[in-house]
Structure formats: structure tokens, C-alpha cells
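What follows draws every value from the coordinates through simple rules; no lab data is involved. If you're wondering where the values come from, they're calculated on a predicted model, not measured in any experiment. Neighbour counts run over all protein chains shown; Cβ positions are idealised from the backbone, glycine included.
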Amino acid sequence: MDCLRCGRTTDYERVAVDRFSGAVEGSLCTDCEANWLNGHGDATSISLVACFKCGDQPKFLFPQWDSIVESEDSAGAVETEYRIQLTTPGSCAECTEE
Ligand SMILES: [Zn+2]
Ligand SMILES: [Zn+2]
């Protein structure tokens, strides 16, 4: 799975989920998590209802893998498991591209 921000296929602990469709759009690699998410966010005010950078409506949410499960069903679609919590960080489309 490619990182939503930098496009690399590398280690990740979070996935990027479209808040409206619920579709997994990619991963958030550990570099982007450290430099972008943790570098800008105020951990005490992170919540799924506001972009962690600008406070706007988030487009993407970045839940942590609870357990990394990617399984293919018979149709070949990859199922990913994640859990959204109140403290799951999110970002708007603009901040995601910064
Ligand atoms: Zn990345
Ligand atoms: Zn934003």
C-alpha cells in the first residue's frame, strides 16, 4: 500500500481513510507520521472532527492499525481492518497535500 502523502511503499502503522466513503485510500508511512502528523499536531487536541493542522473539516482520517489484517475475499478485493476512535487524527485535503 502506498503512502497517501509521499507515495512510497514503506513501513506504516496508520492507514488513510476517506472520512465520507470509509474507503482506505492508502497508508501513512512512519516517516510522514513522524514528520508531518506528529510534527504539526498538538497531541492533546487531536480529534476526528477537525483537521489536526488547521481545524477545518477533515477529509481523511488516519486510524492506527489495530491488528494488521489484509485479507483477500473471493472477488479479490483487499479487506483492511482498522478502528476509528474519537482521538483518531484527521486532516483536510489541503493540509494532506502540503
Ligand atoms: Zn509518507
Ligand atoms: Zn487542514
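With label points built 7 Å along Cα→Cβ from the Cα atoms of residue 97 and residue 18, find their separation and express it in nm.
Reported label-point gap for residue 97 and residue 18 is 1.6 nm.
How would 25, 98, 33 line up from fewest to most surrounding beta-carbon atoms within 10 angstrom?
98, 25, 33
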